[in-house]
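Undergrad: I have a structure I would like to understand better, so I am pasting it below and will then ask my questions one at a time.
The values are calculated or read from the model by the stated rules, or taken from the named source; none is laboratory data. Being a predicted model, the structure only gives us computed values, none of them experimental. Cβ placement follows ideal geometry from the backbone for every residue including glycine, while neighbour counts extend to all protein chains displayed. Please note that ligands, DNA and RNA were not included when accessible areas were found on the heavy atoms of the full protein model with its side chains. Shrake-Rupley method; radii C 1.70, N 1.55, O 1.52, S 1.80 Å.
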Amino acid sequence: MSRFFSVIPVADAVTIVLGIAPQPVTEMVPVESASCRILATGVMADSDIPGFDRSVVDGYAVRAADTAGAGDAIPALLTCTGRISMGQPDGTLSLIPGTCAYIPTGGVLPAGADAVVMVEYTEEAGETVLVKKPAACGENVLLRDEDFKKGETVFSPGRRLSPQDAGVLAACGCGAVAVARKPVVGIISTGNELVPATVVPGPGQVRDANAPMLAAYLADYGCIPKVYGIVRDEKEAFEAVLKKAVPECDVVILSGGSSKDDRDMTAGTIAAMGAVLVHGIAIAPGKPTIVGRIEGKPVFGLPGHPASAFVVLIAIVRPLLDRMLSVRMPLQRTKQATLSVNIPSQRGREEYVRVLLDGSVATPLFGKSGLLNTLVRSSGLVRIPAGAEGLEQGCEVEVILW
Ligand code: AMP
Ligand code: MG
(Lines give C-alpha, C1' and ligand atoms only; values in the text may rest on other atoms or scores of the structure.)
(Ligands and ions follow the chains in the order given, each with its own letter.)
Protein backbone atom coordinates (compact mmCIF):
# COMPACT_ATOMS: atom_id res chain seq x y z
CA MET A 1 0.00 0.00 0.00
CA SER A 2 1.36 3.41 -1.00
CA ARG A 3 2.18 5.80 1.82
CA PHE A 4 0.80 8.65 -0.27
CA PHE A 5 -2.84 9.52 -0.64
CA SER A 6 -4.53 9.62 -4.00
CA VAL A 7 -7.12 12.12 -2.91
CA ILE A 8 -10.50 12.60 -4.54
CA PRO A 9 -12.59 15.82 -4.60
CA VAL A 10 -15.11 16.41 -1.82
CA ALA A 11 -18.03 16.25 -4.29
CA ASP A 12 -16.90 12.80 -5.50
CA ALA A 13 -16.52 11.57 -1.92
CA VAL A 14 -20.03 12.80 -1.11
CA THR A 15 -21.40 11.02 -4.21
CA ILE A 16 -19.80 7.77 -3.01
CA VAL A 17 -21.16 8.33 0.50
CA LEU A 18 -24.69 8.92 -0.83
CA GLY A 19 -24.34 5.78 -2.94
CA ILE A 20 -23.98 3.65 0.21
CA ALA A 21 -26.62 5.47 2.28
CA PRO A 22 -29.05 3.05 3.92
CA GLN A 23 -32.71 3.52 2.92
CA PRO A 24 -34.63 5.89 5.21
CA VAL A 25 -36.85 4.05 7.69
CA THR A 26 -39.95 5.64 9.20
CA GLU A 27 -41.74 5.20 12.50
CA MET A 28 -44.83 6.68 14.16
CA VAL A 29 -44.38 8.99 17.15
CA PRO A 30 -46.95 10.86 19.24
CA VAL A 31 -47.12 14.53 18.24
CA GLU A 32 -45.97 15.62 21.69
CA SER A 33 -42.61 13.91 21.06
CA ALA A 34 -42.35 14.86 17.36
CA SER A 35 -40.43 18.13 17.81
CA CYS A 36 -36.97 18.04 16.14
CA ARG A 37 -37.95 14.90 14.19
CA ILE A 38 -38.08 14.81 10.38
CA LEU A 39 -41.58 14.42 8.98
CA ALA A 40 -41.78 11.42 6.62
CA THR A 41 -45.16 12.09 4.98
CA GLY A 42 -47.10 15.21 4.05
CA VAL A 43 -49.84 16.34 6.43
CA MET A 44 -53.16 17.82 5.30
CA ALA A 45 -55.79 19.63 7.34
CA ASP A 46 -58.57 17.08 7.99
CA SER A 47 -61.12 19.89 8.37
CA ASP A 48 -61.37 23.67 8.08
CA ILE A 49 -59.40 25.44 10.83
CA PRO A 50 -61.11 27.12 12.53
CA GLY A 51 -64.24 25.11 11.84
CA PHE A 52 -66.56 28.13 12.30
CA ASP A 53 -66.49 31.94 12.25
CA ARG A 54 -65.38 32.89 15.74
CA SER A 55 -64.82 35.94 17.86
CA VAL A 56 -61.26 36.81 18.92
CA VAL A 57 -62.39 39.12 21.76
CA ASP A 58 -65.00 39.33 24.51
CA GLY A 59 -67.72 41.71 23.34
CA TYR A 60 -70.85 41.99 21.26
CA ALA A 61 -71.51 40.35 17.92
CA VAL A 62 -73.02 43.00 15.68
CA ARG A 63 -73.98 43.85 12.14
CA ALA A 64 -71.17 46.29 11.28
CA ALA A 65 -73.54 48.58 9.40
CA ASP A 66 -75.48 49.17 12.63
CA THR A 67 -72.42 50.75 14.26
CA ALA A 68 -71.53 53.20 11.48
CA GLY A 69 -70.66 56.63 12.93
CA ALA A 70 -70.93 55.45 16.56
CA GLY A 71 -68.86 57.37 19.13
CA ASP A 72 -68.69 58.34 22.79
CA ALA A 73 -71.04 61.29 22.25
CA ILE A 74 -73.56 59.50 20.06
CA PRO A 75 -73.37 55.73 20.65
CA ALA A 76 -75.26 53.23 18.53
CA LEU A 77 -78.12 51.72 20.55
CA LEU A 78 -78.58 48.00 19.92
CA THR A 79 -80.93 45.50 21.56
CA CYS A 80 -79.15 42.49 23.06
CA THR A 81 -81.05 39.39 21.94
CA GLY A 82 -78.83 36.61 23.21
CA ARG A 83 -75.67 35.41 24.93
CA ILE A 84 -73.36 32.95 23.19
CA SER A 85 -71.83 30.17 25.32
CA MET A 86 -68.40 28.65 24.66
CA GLY A 87 -68.39 25.48 22.59
CA GLN A 88 -72.10 25.81 21.80
CA PRO A 89 -73.29 27.35 18.55
CA ASP A 90 -76.68 29.02 18.99
CA GLY A 91 -78.53 27.73 15.93
CA THR A 92 -81.70 29.68 16.71
CA LEU A 93 -80.09 33.09 17.15
CA SER A 94 -79.97 35.32 14.06
CA LEU A 95 -79.18 39.01 14.33
CA ILE A 96 -81.65 41.28 12.61
CA PRO A 97 -80.80 44.98 12.08
CA GLY A 98 -80.60 46.88 15.38
CA THR A 99 -79.70 43.84 17.50
CA CYS A 100 -76.53 42.36 18.99
CA ALA A 101 -75.50 39.36 21.11
CA TYR A 102 -72.90 38.98 23.86
CA ILE A 103 -70.03 36.76 22.67
CA PRO A 104 -66.94 35.51 24.54
CA THR A 105 -63.50 35.06 22.95
CA GLY A 106 -63.70 31.88 20.84
CA GLY A 107 -67.50 31.91 20.69
CA VAL A 108 -69.34 30.96 17.48
CA LEU A 109 -70.44 34.08 15.58
CA PRO A 110 -74.25 34.02 15.30
CA ALA A 111 -76.00 34.19 11.92
CA GLY A 112 -76.45 37.74 10.67
CA ALA A 113 -73.41 39.09 12.58
CA ASP A 114 -70.30 40.17 10.66
CA ALA A 115 -68.19 41.87 13.35
CA VAL A 116 -67.54 41.97 17.08
CA VAL A 117 -67.20 45.14 19.18
CA MET A 118 -64.85 44.77 22.17
CA VAL A 119 -66.66 44.95 25.50
CA GLU A 120 -64.40 47.91 26.43
CA TYR A 121 -66.23 50.06 23.85
CA THR A 122 -69.74 49.19 25.04
CA GLU A 123 -72.03 49.83 27.96
CA GLU A 124 -75.02 47.74 29.02
CA ALA A 125 -78.24 49.49 30.00
CA GLY A 126 -80.80 46.74 30.61
CA GLU A 127 -81.64 45.13 27.27
CA THR A 128 -79.91 47.91 25.40
CA VAL A 129 -76.20 47.99 24.57
CA LEU A 130 -74.51 51.31 23.88
CA VAL A 131 -71.78 50.84 21.22
CA LYS A 132 -69.28 53.69 21.32
CA LYS A 133 -67.02 52.74 18.41
CA PRO A 134 -67.84 51.73 14.87
CA ALA A 135 -66.87 48.18 13.82
CA ALA A 136 -65.68 47.37 10.32
CA CYS A 137 -67.06 44.28 8.61
CA GLY A 138 -64.93 41.29 9.73
CA GLU A 139 -63.41 43.14 12.69
CA ASN A 140 -62.41 40.86 15.59
CA VAL A 141 -63.63 37.80 13.69
CA LEU A 142 -61.55 34.81 12.58
CA LEU A 143 -63.32 33.34 9.57
CA ARG A 144 -63.95 29.63 9.13
CA ASP A 145 -60.91 28.13 7.24
CA GLU A 146 -58.93 31.38 7.57
CA ASP A 147 -56.06 29.41 9.16
CA PHE A 148 -56.12 26.22 7.04
CA LYS A 149 -58.64 24.89 4.53
CA LYS A 150 -59.81 21.27 4.65
CA GLY A 151 -57.51 19.18 2.41
CA GLU A 152 -54.80 21.88 2.28
CA THR A 153 -51.19 20.66 2.64
CA VAL A 154 -50.02 21.97 5.99
CA PHE A 155 -46.57 20.32 6.10
CA SER A 156 -44.49 18.66 3.39
CA PRO A 157 -42.27 15.60 4.00
CA GLY A 158 -38.69 16.31 5.03
CA ARG A 159 -39.60 19.13 7.40
CA ARG A 160 -37.79 19.30 10.73
CA LEU A 161 -40.69 19.69 13.12
CA SER A 162 -40.73 22.52 15.65
CA PRO A 163 -42.67 22.73 18.92
CA GLN A 164 -45.24 24.97 17.23
CA ASP A 165 -45.57 22.40 14.43
CA ALA A 166 -46.63 19.86 17.07
CA GLY A 167 -49.48 22.19 18.05
CA VAL A 168 -50.58 22.63 14.42
CA LEU A 169 -50.40 18.85 13.85
CA ALA A 170 -52.76 18.32 16.77
CA ALA A 171 -55.10 21.02 15.40
CA CYS A 172 -55.08 19.10 12.09
CA GLY A 173 -56.25 15.94 13.82
CA CYS A 174 -52.89 14.12 14.09
CA GLY A 175 -52.35 12.24 17.34
CA ALA A 176 -49.21 10.66 15.90
CA VAL A 177 -47.08 11.32 12.81
CA ALA A 178 -44.69 9.32 10.61
CA VAL A 179 -41.11 10.52 11.05
CA ALA A 180 -37.70 9.26 9.98
CA ARG A 181 -36.31 6.75 12.44
CA LYS A 182 -33.23 8.12 14.20
CA PRO A 183 -30.09 6.49 12.74
CA VAL A 184 -27.97 4.75 15.36
CA VAL A 185 -24.39 5.94 14.88
CA GLY A 186 -21.51 4.09 16.56
CA ILE A 187 -18.56 6.18 17.74
CA ILE A 188 -15.15 4.62 18.30
CA SER A 189 -12.08 6.54 19.46
CA THR A 190 -8.76 4.99 18.57
CA GLY A 191 -5.23 5.60 19.80
CA ASN A 192 -2.81 4.20 22.37
CA GLU A 193 -2.39 7.70 23.76
CA LEU A 194 -6.07 8.30 24.53
CA VAL A 195 -7.60 8.34 28.00
CA PRO A 196 -11.18 9.18 29.03
CA ALA A 197 -12.08 12.70 30.18
CA THR A 198 -12.12 11.63 33.83
CA VAL A 199 -8.50 10.46 33.81
CA VAL A 200 -5.57 12.84 34.39
CA PRO A 201 -3.36 12.31 31.32
CA GLY A 202 0.09 10.92 31.97
CA PRO A 203 3.10 11.92 29.84
CA GLY A 204 2.20 11.66 26.15
CA GLN A 205 -1.45 10.91 26.86
CA VAL A 206 -4.41 12.86 25.49
CA ARG A 207 -8.00 13.00 26.68
CA ASP A 208 -10.60 11.69 24.25
CA ALA A 209 -12.31 14.84 22.99
CA ASN A 210 -13.72 13.35 19.80
CA ALA A 211 -16.26 10.90 21.21
CA PRO A 212 -18.20 13.48 23.28
CA MET A 213 -17.97 16.03 20.45
CA LEU A 214 -19.21 13.63 17.77
CA ALA A 215 -21.90 12.21 20.07
CA ALA A 216 -23.21 15.67 20.93
CA TYR A 217 -23.33 16.77 17.30
CA LEU A 218 -25.06 13.56 16.21
CA ALA A 219 -27.64 13.74 19.00
CA ASP A 220 -28.42 17.35 18.04
CA TYR A 221 -28.71 16.31 14.42
CA GLY A 222 -31.39 13.73 15.18
CA CYS A 223 -29.33 10.54 15.53
CA ILE A 224 -28.80 8.13 18.41
CA PRO A 225 -25.06 8.14 19.17
CA LYS A 226 -23.65 4.94 20.65
CA VAL A 227 -20.19 5.41 22.14
CA TYR A 228 -17.92 2.33 22.16
CA GLY A 229 -15.05 3.90 24.08
CA ILE A 230 -11.34 3.94 23.35
CA VAL A 231 -9.62 1.24 21.30
CA ARG A 232 -5.88 0.64 21.23
CA ASP A 233 -4.00 0.69 17.91
CA GLU A 234 -4.09 -3.09 17.54
CA LYS A 235 -5.71 -4.97 14.70
CA GLU A 236 -7.45 -7.44 17.04
CA ALA A 237 -8.93 -4.61 19.13
CA PHE A 238 -10.22 -2.83 16.00
CA GLU A 239 -11.75 -6.05 14.68
CA ALA A 240 -13.41 -6.85 17.99
CA VAL A 241 -15.03 -3.42 18.38
CA LEU A 242 -16.19 -3.31 14.73
CA LYS A 243 -17.64 -6.84 15.04
CA LYS A 244 -19.73 -5.56 17.91
CA ALA A 245 -20.59 -2.08 16.59
CA VAL A 246 -21.48 -2.82 12.96
CA PRO A 247 -24.48 -5.10 13.68
CA GLU A 248 -25.71 -2.75 16.44
CA CYS A 249 -25.53 0.48 14.40
CA ASP A 250 -26.68 1.94 11.08
CA VAL A 251 -23.42 3.84 10.61
CA VAL A 252 -20.06 3.56 12.40
CA ILE A 253 -17.55 6.40 12.83
CA LEU A 254 -14.00 5.78 13.98
CA SER A 255 -11.70 8.66 14.77
CA GLY A 256 -7.92 8.45 14.68
CA GLY A 257 -5.70 5.99 12.88
CA SER A 258 -7.06 6.98 9.47
CA SER A 259 -3.71 7.90 7.93
CA LYS A 260 -1.22 5.65 6.14
CA ASP A 261 1.34 5.01 8.85
CA ASP A 262 2.03 1.37 9.81
CA ARG A 263 0.37 2.07 13.15
CA ASP A 264 -2.82 3.31 11.50
CA MET A 265 -5.20 0.39 11.70
CA THR A 266 -8.46 1.85 10.41
CA ALA A 267 -8.14 1.37 6.65
CA GLY A 268 -6.58 -2.10 6.92
CA THR A 269 -9.25 -3.35 9.31
CA ILE A 270 -12.16 -1.96 7.25
CA ALA A 271 -10.62 -3.49 4.11
CA ALA A 272 -10.25 -6.88 5.84
CA MET A 273 -13.83 -6.87 7.13
CA GLY A 274 -15.48 -5.16 4.15
CA ALA A 275 -14.25 -2.59 1.65
CA VAL A 276 -12.50 0.78 1.64
CA LEU A 277 -14.16 3.01 -0.98
CA VAL A 278 -12.30 6.25 -0.32
CA HIS A 279 -8.98 6.88 1.40
CA GLY A 280 -7.92 10.49 1.12
CA ILE A 281 -10.11 13.48 0.30
CA ALA A 282 -9.02 16.86 -1.11
CA ILE A 283 -10.23 18.68 1.98
CA ALA A 284 -8.38 20.74 4.54
CA PRO A 285 -8.40 19.99 7.34
CA GLY A 286 -9.31 16.33 7.00
CA LYS A 287 -7.32 14.81 4.14
CA PRO A 288 -6.76 11.39 5.81
CA THR A 289 -10.42 10.40 5.74
CA ILE A 290 -11.76 6.93 5.00
CA VAL A 291 -15.14 5.94 3.64
CA GLY A 292 -15.81 2.23 3.75
CA ARG A 293 -18.49 -0.36 4.11
CA ILE A 294 -18.83 -3.44 6.31
CA GLU A 295 -21.83 -5.75 5.99
CA GLY A 296 -23.62 -3.10 3.94
CA LYS A 297 -23.19 -0.42 6.64
CA PRO A 298 -21.25 2.82 6.00
CA VAL A 299 -18.09 3.02 8.12
CA PHE A 300 -16.10 6.26 8.33
CA GLY A 301 -12.53 6.78 9.46
CA LEU A 302 -12.10 10.39 10.55
CA PRO A 303 -8.74 12.01 11.31
CA GLY A 304 -7.90 12.14 15.01
CA HIS A 305 -7.40 15.90 15.31
CA PRO A 306 -10.71 17.12 16.75
CA ALA A 307 -10.99 20.10 14.39
CA SER A 308 -10.33 17.86 11.37
CA ALA A 309 -12.80 15.26 12.62
CA PHE A 310 -15.44 17.95 13.07
CA VAL A 311 -14.97 19.44 9.59
CA VAL A 312 -15.17 16.00 7.98
CA LEU A 313 -18.26 15.21 10.03
CA ILE A 314 -19.95 18.31 8.60
CA ALA A 315 -18.67 18.08 5.02
CA ILE A 316 -18.71 14.33 4.40
CA VAL A 317 -20.82 12.52 7.02
CA ARG A 318 -23.67 15.00 7.28
CA PRO A 319 -24.91 14.47 3.69
CA LEU A 320 -25.35 10.78 4.57
CA LEU A 321 -27.38 11.68 7.67
CA ASP A 322 -29.53 14.08 5.61
CA ARG A 323 -30.22 11.28 3.12
CA MET A 324 -31.04 8.74 5.86
CA LEU A 325 -33.35 11.23 7.55
CA SER A 326 -34.81 12.45 4.20
CA VAL A 327 -34.20 16.02 5.39
CA ARG A 328 -35.39 18.75 3.03
CA MET A 329 -34.53 21.55 5.44
CA PRO A 330 -30.96 21.02 6.69
CA LEU A 331 -30.38 21.96 10.28
CA GLN A 332 -27.26 23.88 9.33
CA ARG A 333 -27.66 27.62 9.78
CA THR A 334 -25.60 30.04 7.70
CA LYS A 335 -24.96 33.77 7.73
CA GLN A 336 -23.68 36.09 5.04
CA ALA A 337 -20.62 38.09 6.10
CA THR A 338 -17.78 40.20 4.72
CA LEU A 339 -14.19 38.96 5.05
CA SER A 340 -11.93 41.28 7.06
CA VAL A 341 -8.66 39.98 5.54
CA ASN A 342 -7.43 37.84 2.66
CA ILE A 343 -7.51 34.06 3.19
CA PRO A 344 -4.89 32.26 1.11
CA SER A 345 -5.71 28.72 0.05
CA GLN A 346 -4.11 26.01 -1.99
CA ARG A 347 -5.93 25.38 -5.26
CA GLY A 348 -7.13 21.79 -5.64
CA ARG A 349 -8.50 21.21 -2.18
CA GLU A 350 -11.64 22.38 -0.49
CA GLU A 351 -10.67 24.32 2.60
CA TYR A 352 -12.74 25.00 5.70
CA VAL A 353 -11.47 27.98 7.69
CA ARG A 354 -12.70 28.77 11.18
CA VAL A 355 -13.88 32.37 11.44
CA LEU A 356 -15.00 34.69 14.19
CA LEU A 357 -18.04 36.81 13.43
CA ASP A 358 -18.35 40.37 14.69
CA GLY A 359 -21.73 41.50 13.41
CA SER A 360 -21.45 40.70 9.73
CA VAL A 361 -17.65 40.85 9.55
CA ALA A 362 -15.85 37.48 9.47
CA THR A 363 -12.24 37.22 10.62
CA PRO A 364 -10.34 33.95 10.08
CA LEU A 365 -8.77 32.30 13.11
CA PHE A 366 -5.75 30.73 11.54
CA GLY A 367 -4.41 27.84 13.52
CA LYS A 368 -3.15 24.30 13.29
CA SER A 369 -5.84 21.67 12.95
CA GLY A 370 -4.61 20.11 16.22
CA LEU A 371 -5.75 23.12 18.23
CA LEU A 372 -8.95 22.85 20.21
CA ASN A 373 -9.28 26.53 21.13
CA THR A 374 -10.18 27.76 17.63
CA LEU A 375 -13.07 25.30 17.58
CA VAL A 376 -14.72 27.09 20.45
CA ARG A 377 -13.50 30.67 19.89
CA SER A 378 -14.82 30.66 16.33
CA SER A 379 -18.39 31.25 15.20
CA GLY A 380 -18.30 28.83 12.29
CA LEU A 381 -16.61 27.85 9.06
CA VAL A 382 -16.05 29.50 5.70
CA ARG A 383 -15.72 27.08 2.81
CA ILE A 384 -13.16 27.88 0.13
CA PRO A 385 -13.94 25.91 -3.05
CA ALA A 386 -11.22 23.67 -4.46
CA GLY A 387 -10.95 25.82 -7.58
CA ALA A 388 -10.11 29.03 -5.69
CA GLU A 389 -6.70 30.23 -4.62
CA GLY A 390 -8.18 31.90 -1.60
CA LEU A 391 -10.67 34.59 -0.79
CA GLU A 392 -10.06 38.31 -0.90
CA GLN A 393 -10.58 40.85 1.84
CA GLY A 394 -13.99 42.49 1.51
CA CYS A 395 -15.62 39.64 -0.38
CA GLU A 396 -18.99 38.23 0.65
CA VAL A 397 -18.81 34.80 2.28
CA GLU A 398 -21.32 32.37 3.71
CA VAL A 399 -20.44 31.35 7.25
CA ILE A 400 -21.60 27.86 8.23
CA LEU A 401 -22.51 28.61 11.85
CA TRP A 402 -21.73 26.14 14.60
P1 AMP B 1 -4.29 10.17 14.36
O2 AMP B 1 -5.37 10.60 13.42
O3 AMP B 1 -4.60 8.92 15.07
O4 AMP B 1 -2.98 10.16 13.67
O5 AMP B 1 -4.21 11.30 15.46
C6 AMP B 1 -3.90 12.65 15.13
C7 AMP B 1 -3.85 13.49 16.39
O8 AMP B 1 -5.14 13.55 16.93
C9 AMP B 1 -2.96 12.94 17.47
O10 AMP B 1 -2.31 14.01 18.09
C11 AMP B 1 -3.93 12.28 18.42
O12 AMP B 1 -3.47 12.20 19.74
C13 AMP B 1 -5.13 13.18 18.31
N14 AMP B 1 -6.35 12.44 18.61
C15 AMP B 1 -6.71 11.27 18.08
N16 AMP B 1 -7.88 10.86 18.57
C17 AMP B 1 -8.27 11.83 19.44
C18 AMP B 1 -9.39 11.99 20.29
N19 AMP B 1 -10.35 11.07 20.32
N20 AMP B 1 -9.45 13.09 21.04
C21 AMP B 1 -8.48 14.03 21.01
N22 AMP B 1 -7.41 13.94 20.23
C23 AMP B 1 -7.29 12.83 19.46
MG1 MG C 1 -3.78 7.58 16.31
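Undergrad: Are any residues in the range 284-305 closer than 16 Å to Ser189 by Cα and either at pLDDT below 95 or open to solvent by 20 Å² or more (accessible area, probe 1.4 Å) (or both), and if so, which ones?
TA: Within the range 284-305, Pro288, Gly304, His305 meet the criteria.
Undergrad: Right, another one. In the range 130-164, what residues are buried (at least 16 other Cβ atoms within 10 Å of the Cβ) and at positive phi?
TA: Asn140, Asp145, Gly158
Undergrad: Next question, about the same structure. Pick out the one residue from Ala68, Ala11, Ala40, Ala21 that is within 33 Å of the chain's Cα centre (by Cα) and either at pLDDT below 95 or under 29 Å from Asp145 (Cβ atoms) (or both).
TA: Result of the check over Ala68, Ala11, Ala40, Ala21: Ala40.
Undergrad: Okay, moving on. Quick one: which residue in Arg232, Arg263 is within 14 Å of ligand 1 (Cβ to nearest atom), among the basic types (Lys, Arg) and in contact with an Asp or Glu (Cβ under 9 Å, 6 or more places away or on another chain)?
TA: One residue alone meets the criteria, Arg263.
Undergrad: Hey, another quick one. Take the conditions modelled with pLDDT of 95 or more, open to solvent by 70 Å² or more (accessible area, probe 1.4 Å), touching a strand residue (DSSP E or B) at 6+ places or on another chain (Cβ under 6 Å) and of a type outside the set (A, V, I, L, M) and apply them to Glu236. Does it pass?
TA: no
Undergrad: From Val185, Val195, which residue is open to solvent by less than 40 Å² (accessible area, probe 1.4 Å), outside the structural domain of Val62 (by TED's automatic domain parsing) and within 16 Å of ligand 2 (Cβ to nearest atom)?
TA: After ruling out the rest, the residue left standing is Val195.
Undergrad: Take the residues in the range 239-260 that are free of Cβ contacts under 8 Å to residues at least 60 places away in the same chain, within 15 Å of ligand 1 (Cβ to nearest atom) and of a type outside the set (A, V, I, L, M, F, W, C); name whichever of them is surrounded by the most Cβ atoms within 10 Å (Cβ to Cβ).
TA: Ranking the candidates gives Ser258 first.
Undergrad: Report yes if some residue within the range 268-279 is at positive phi, open to solvent by 10 Å² or more (accessible area, probe 1.4 Å) and of a type outside the set (A, V, I, L, M, F, W, C); otherwise report no.
TA: No; the residues of the range 268-279 include none that is at positive phi, open to solvent by 10 Å² or more (accessible area, probe 1.4 Å) and of a type outside the set (A, V, I, L, M, F, W, C).
Undergrad: To continue, here is another question. So, in the range 256-310, of the ones that are polar (S, T, N, Q) and in a loop (DSSP other than H, G, I, E, B), which residue ends up farthest from ligand 2 (Cβ to nearest atom)?
TA: Here the residue is Thr289.
Undergrad: Being within 16 Å of ligand 1 (Cβ to nearest atom), more than 30 Å from Ser6 (Cα to Cα) and in contact with a strand residue (DSSP E or B) (Cβ under 8 Å, 6 or more places away or on another chain) narrows it down to one residue among Pro196, Pro157; which is it?
TA: When all the criteria are applied, what remains is Pro196.
Undergrad: Then there is this: What do you reckon, is Pro203 more than 16 Å from ligand 1 (Cβ to nearest atom) and either open to solvent by 40 Å² or more (accessible area, probe 1.4 Å) or outside any loop (DSSP other than H, G, I, E, B) (or both)?
TA: Criteria not met by Pro203.
Undergrad: Tell me the residue from Ala61, Ala45 that is outside the structural domain of Val317 (by TED's automatic domain parsing), within 28 Å of the chain's Cα centre (by Cα) and open to solvent by less than 70 Å² (accessible area, probe 1.4 Å), please.
TA: Selected residue: Ala45, the only one of Ala61, Ala45 that is outside the structural domain of Val317 (by TED's automatic domain parsing), within 28 Å of the chain's Cα centre (by Cα) and open to solvent by less than 70 Å² (accessible area, probe 1.4 Å).
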